[in-house]
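Structure first, then comments.
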Amino acid sequence: MEDSALKVIFSEILRGYTLVDNEDFGKLKIKHFNNFDSAELDIKNRYFYEKARDQGLPTREQKIQYLLDNNIWDDKKNKEILNLKTMIAGLKNSKSKVFLQAHIDEINRQLEETQLKLSEKELKKEELIGFCAENYAQRRINEHYMQKAILNEQGGQLLSNENFEELHQDQLMGLIATYNKNTKKFGSSNLKKISLSGFFTNLFYLCENNAYTFFGRPLVELTFYQVELFGYGRYYKSLMENSESQVPEEVKESPEKLVEWFESSKNAKEVIDKSKSAEKEGSATSLVGATKQDLKRLGLDNPNETISLAKKAAEKGGSLSMEDMMKIHGV
């Protein structure tokens, strides 16, 4: 996604709402929810769940027990799902500890295969469970969510409870489609890209990790998008502060590759430090199995180019700003 599109998303996150057009209702606002909104939805969800149970709809737990009692599903399949989840967690942990690109690529391949297997097994289980009290509550809460999230152009309630209940199915589906179309852009992938973009970091450098300074309101009042974006900003800033090599051009625009690069650089440095402490040659050549491409990617092909953060800080009077860090890393 281009910077111009990311800037629009960023501006909407700062405002706390998104302006949209709907065929039936014209110009509308989609409110970005915060913790107070979430608490209200939790209360409503409990109400809908209890209503479903009172009307005789079985719970998810009851449906699963039925499948087990009738040998439609068994504990062996549950263990297979648990094992796949454990395997995924283990692969992610292993990935955080390697530094060779070949190893990272292999783990990514295994992760993709394992996650696909997990999704297939979980989907099969959900199909067998079918409709239950939790599904009913989720469907009703989604409708309630639409009513609370979609406002008129002035920011007031678009539909009363009575009017919402009387909505034609096509109108309801139209509102849901409008909501989905205009909120999918707030996924984690785009928020990560924004947190690495210059238009974001130019502001973020100045707030000194203070969310109130950045957004102008208490943390508890921030929307979930604002909290998530700020969290990514702090995370990538921390990575920058703890790296001693320049970020390669080919990873700057990809949050996933950037994290991989920082982690692999850190792991490589730890291996080199252990070599030094063992009175071995403390250089890039001590990275067993590293190719020239690995050494270049990790910034170890020319030790003289390694960044001395302490030296840079001394030159700046004892400390480095985030802007200094970004310049050092070439971001």
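The values are calculated or read from the model by the stated rules, or taken from the named source; none is laboratory data. Being a predicted model, the structure only gives us computed values, none of them experimental. With ideal geometry, Cβ positions are generated from the backbone for all residues, glycine too; neighbour counts draw on all protein chains shown.
Does Tyr179 fit the bill of being surrounded by 16 or more Cβ atoms within 10 Å (Cβ to Cβ), of a type in the set (Ser, Thr, Tyr) and within 25 Å of Glu50 (Cβ to Cβ)?
No, not satisfied.
Hand me the list of helices (runs of 4 or more DSSP H) wholly inside segment 160-249 holding 1 or more residues that are without any contact (Cβ under 8 Å) to a residue 40 or more places away in the chain and of a type in the set (A, V, I, L, M, F, W, C).
161-165, 169-183, 198-204, 211-215, 224-241
Within segment 173-194, does at least one residue satisfy the condition of being farther than 25 Å from Leu19 by Cβ and small (Gly, Ala, Ser)?
no
Residues to consider are Glu162, Glu153; find the one that is in the same structural domain as Thr59 (by TED's automatic domain parsing) and in contact with a Gly (Cβ under 8 Å, 6 or more places away or on another chain).
Glu153
Run down Arg217, Arg140 and say which single residue is among the charged types (D, E, K, R), surrounded by 13 or more Cβ atoms within 10 Å (Cβ to Cβ) and within 18 Å of Ser11 (Cβ to Cβ).
It is Arg217.
Going by the conditions given, is Thr183 over 16 Å from the mean Cα position of the chain (by Cα) and of a type in the set (Val, Ile, Thr)?
So Thr183 does not fit the description; no.
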